[in-house]
Amino acid sequence: MKTKLANQHQHTGEIVVLTGAGISAESGLKTFRDSDGLWEGYNIEDVATPEAWQRNPALVQDFYNQRRKSVLEAQPNVAHYALARLEEKYKVTIITQNIDDLHERAGSTNVVHLHGIITRSQSSRNARLTYPIKGWELRMDEVCELGSPLRPHVVWFGEMVPMIETAAQICSTADLFILVGTSLAVYPASGLINYVPDEVPKYIVDPKIPTVYNVDNLTKIEAKASIGVPELVDELMKVDAEL
Ligand code: APR
């Protein structure tokens, strides 16, 4: 696969990668909207909204405890490791919609979690108070220093995305942009592509290229992440780019 990068963008500075659930699918973590997706088994309104937390915190806690157990049992896959390898040659920022820590465990050192991270908890009274969770279970009797119950440090539907401005700024200075494994179904994450300058090369890796968004000017790699991402990274590692 020859990417057009080889002749167009010799001096690549920062590579920005926006990932979604698809990059963790081959690590055994369910995506949200594929046929057997996570939202198949649950109503978002019952487990992933502030109202759900008010109504039945134990159900919400249990949903994320089960998900945390799966995350801790999962391993990064070759796509996560390939993105980490990019850092040997480029400045790389990974903006992920995923709440798993597989990018970090694969060795990526610059990861922005738009929707939070499941391995941390936060005060249900002050979102800025966050704590590491030891093991898979966050119990209902665990409280923050203010005495409020601890909830998962994830962004629920209807809540603000605190990192979105930071992410938009990062996208606006990207020299190369890669989308991996996202249906682009959820705003504001899906709108980040609009901050990437037109002239910047853009790639998308997905076995089912999303149609919800105008992806005409993206180089499409219709493949699973475990195939498409290492191939693209190999190409990028060959390009004779100044650091
Ligand atoms: N490799 C690459 N992509 C894959 C693979 C794979 N092996 N398997 C599935 N995909 C793709 C699907 O084709 C789809 O485009 O991953 C994407 C998964 O889309 P979603 O399930 O909608 O996940 P995502 O885009 O991350 O959802 C965004 O929605 O529910 C919220 O907060 C949640 O962060 C999530 C957000």
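Of all residues in the stretch 1-58, exactly one satisfies the criterion of being modelled with pLDDT of 85 or more, open to solvent by 20 Å² or more (accessible area, probe 1.4 Å), away from the ligand (no atom under 16 Å from the Cβ) and in the same structural domain as Ile221 (by TED's automatic domain parsing), namely Glu14.
Checking each residue of the stretch 124-135 against the condition of being open to solvent by less than 10 Å² (accessible area, probe 1.4 Å), farther than 27 Å from Glu14 by Cβ and of a type in the set (Gly, Ala, Ser) gives no match. For the residues Leu150, Leu86, the requirement of being in contact (Cβ under 8 Å) with a residue 24 or more places away in the chain and either outside the structural domain of Lys224 (by TED's automatic domain parsing) or within 13 Å of the ligand (Cβ to nearest atom) (or both) singles out Leu150.
Would it be correct to say that Val186 is within 11 Å of the ligand (Cβ to nearest atom) and modelled with pLDDT of 95 or more? No, not satisfied. If you check Val92 against the conditions, is it away from the ligand (no atom under 13 Å from the Cβ), open to solvent by less than 20 Å² (accessible area, probe 1.4 Å) and under 15 Å from Ala167 (Cβ atoms)? Judged against the criteria, Val92 is a match. Residue pairs whose Cβ atoms lie under 6 Å apart, sitting 6 or more positions apart in sequence or on different chains, and linking a residue in the stretch 193-213 that is near the ligand (Cβ under 10 Å from one of its atoms) to a partner that is assigned to a strand (DSSP E or B), are Ile204/Leu179; Ile204/Lys220; Val205/Val180; Val205/Ile221; Ile209/Lys220.
Residue-by-condition table, conditions (1) farther than 19 Å from Trp39 by Cβ; (2) among the hydroxyl-bearing types (Ser, Thr, Tyr):
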site: Asp175; (1), (2): yes, no
site: Ala189; (1), (2): no, no
site: Tyr195; (1), (2): yes, yes
site: Lys220; (1), (2): yes, no
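The values are calculated or read from the model by the stated rules, or taken from the named source; none is laboratory data. This is a predicted model, so every value here is computed, not measured. Backbone-built Cβ (ideal geometry, glycine too); neighbour counts: all protein chains shown. The accessibility values were calculated without ligands, DNA or RNA, using every heavy atom of the protein model including side chains. Shrake-Rupley method; radii C 1.70, N 1.55, O 1.52, S 1.80 Å.
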